[in-house]
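Let me begin by presenting the structure, written as structure tokens, before commenting on it.
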Amino acid sequence: MTLLSGQICVLSHCVRIVLLEKDVECTVDFLPVGGDPSRLVEHNPYGETPTLVDRDISLYDTSVILEYLDERFPHPPLMPADPITRAKTRLMISRLNRDWLRPICELGDTLPLNPPAELRKSIHDGLIALSPLFRDQPFFLGPEYTLVDTFVAPLIWRLPALGIDLPKQAAPIMEYGSRLFARPAFRDSLSEQEREMREA
Ligand SMILES: N[C@@H](CCC(=O)N[C@@H](CS)C(=O)NCC(=O)O)C(=O)O
């Protein structure tokens, strides 16, 4: 299995985390910025990262890739078991994607990211509003780590690169971020450039 990944593509980052959480054997092929897109287009008509190439199938669209991985490699499960919580998980991922992750993708694949002021404000205010949730629970949906957490971790990691500084009142969400970053799968998921986002 091969993942065609961007170097700092936030959605590719979600897929890298899930592959490592599930200990899936996969080659991550980091595509060079401004490189020849033909390899990508061969597997994905939209020419976007992430694209997952498996023996019998090529997949694109992050949510499609992640649900495939969760079904093909069921341990540990990253989707809740009951239909209502599964639907809530999909809804939350869809909102995170529309509001924050896709707009971050559109900022391009070179640093610094330079988000427009409205996007910066939306992420800043949105994370502050979510923060109290993490006073009483370790992960986004409660006691268990799920796919939603794999979408939020790359976002919180990118806050310094996005020029977003959260105030003290957001301490619970920053502590949640630290819990996510401490996971071995997260640490191993980082590309060189992603590592530099917090080491520079
Ligand atoms: N709907 C896609 C969006 C993926 C996407 O926009 N990827 C960006 C990088 S983060 C990309 O490949 N942009 C290059 C392009 O659109 O040509 C998904 O959910 O995976």
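The values are calculated or read from the model by the stated rules, or taken from the named source; none is laboratory data. All values reported here derive from a predicted model rather than from experimental measurement. Cβ atoms come from the backbone with ideal geometry, glycine included; neighbour counts cover every protein chain shown.
Taking residue 17, is it within 13 Å of the ligand (Cβ to nearest atom), in contact (Cβ under 8 Å) with a residue 12 or more places away in the chain, within 24 Å of residue 191 (Cβ to Cβ) and outside any loop (DSSP other than H, G, I, E, B)? In short, no.
Considering only residues in the stretch 90-142 that are in a loop (DSSP other than H, G, I, E, B), within 15 Å of the ligand (Cβ to nearest atom) and modelled with pLDDT of 95 or more, the one that is surrounded by the most Cβ atoms within 10 Å (Cβ to Cβ) turns out to be 115. Note on the stretch 76-89: among residues that are more than 15 Å from residue 149 (Cβ to Cβ) and not charged (D, E, K, R), the one that is surrounded by the most Cβ atoms within 10 Å (Cβ to Cβ) is 87. State which residue is nearest to the ligand (Cβ to nearest atom) when the search covers only the stretch 49-72 and only residues that are among the acidic types (Asp, Glu) and closer than 27 Å to residue 34 by Cα. So, considering only residues that are among the acidic types (Asp, Glu) and closer than 27 Å to residue 34 by Cα, the one nearest to the ligand (Cβ to nearest atom) is 61.
Taking first residues from the stretch 48-67 that are in the same structural domain as residue 24 (by TED's automatic domain parsing) and partners that are among the acidic types (Asp, Glu) and part of a loop (DSSP other than H, G, I, E, B), the Cβ contacts under 7 Å between residues at least 6 apart in sequence or on separate chains come to 60/48. Regarding residue 146, is this residue touching a Cys at 6+ places or on another chain (Cβ under 9 Å) and not assigned by TED's automatic domain parsing to the domain that holds residue 8? Against the criterion (touching a Cys at 6+ places or on another chain (Cβ under 9 Å) and not assigned by TED's automatic domain parsing to the domain that holds residue 8), residue 146 does not qualify.
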